[in-house]
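The values are calculated or read from the model by the stated rules, or taken from the named source; none is laboratory data. Everything quoted here is computed from the prediction, not taken from an experiment. Note: ideal-geometry Cβ built from the backbone for every residue, glycine included; neighbour counts use all protein chains shown.
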């Protein structure tokens, strides 16, 4: 079972603030997820091809072709702070 400290550690890594109720609920939910992963790892998957979708998907992505985009000056026109090449954003607080 995932304990409270492990949930809080994962929450810190994900930069999440959880209430006590959420920590309790996540402990149970994460434990269930890990139980399912453990059960899957017990399966004999020899010869099973890795997949990205459960069903066959055709034409999921369009062709990657260059095309005109928004002019840089227009895109940066409404920026509250900008550099020569792009948007300036504040540094994240630790």
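Scan the stretch 1-21 for residues that are free of Cβ contacts under 8 Å to residues at least 12 places away in the same chain and either assigned to a loop (DSSP other than H, G, I, E, B) or exposed (fewer than 11 other Cβ atoms within 10 Å of the Cβ) (or both) and jot them down.
Selection gives 5, 13, 14, 15, 16, 17, 18, 19, 20, 21.
Looking at residue 82 and the list (1) exposed (fewer than 10 other Cβ atoms within 10 Å of the Cβ); (2) modelled with pLDDT under 95, which single condition is not satisfied?
Unmet for residue 82, out of (1) exposed (fewer than 10 other Cβ atoms within 10 Å of the Cβ); (2) modelled with pLDDT under 95: (1).
Would you be able to tell me the number of residues in the stretch 22-73 that are surrounded by 10 or more Cβ atoms within 10 Å (Cβ to Cβ) and under 30 Å from residue 86 (Cα atoms)?
Number satisfying all stated conditions: 1.
Do we have any residue at all in the stretch 28-42 that's in a loop (DSSP other than H, G, I, E, B) and without any contact (Cβ under 8 Å) to a residue 12 or more places away in the chain?
Checking the stretch 28-42: at least one residue is in a loop (DSSP other than H, G, I, E, B) and without any contact (Cβ under 8 Å) to a residue 12 or more places away in the chain.
Conditions (1) farther than 30 Å from residue 4 by Cβ; (2) touching a strand residue (DSSP E or B) at 6+ places or on another chain (Cβ under 8 Å), marked per residue:
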position: 21; (1), (2): no, no
position: 30; (1), (2): no, no
position: 42; (1), (2): no, no
position: 52; (1), (2): yes, no
position: 62; (1), (2): yes, no
position: 67; (1), (2): yes, no
position: 77; (1), (2): yes, no
position: 88; (1), (2): yes, yes
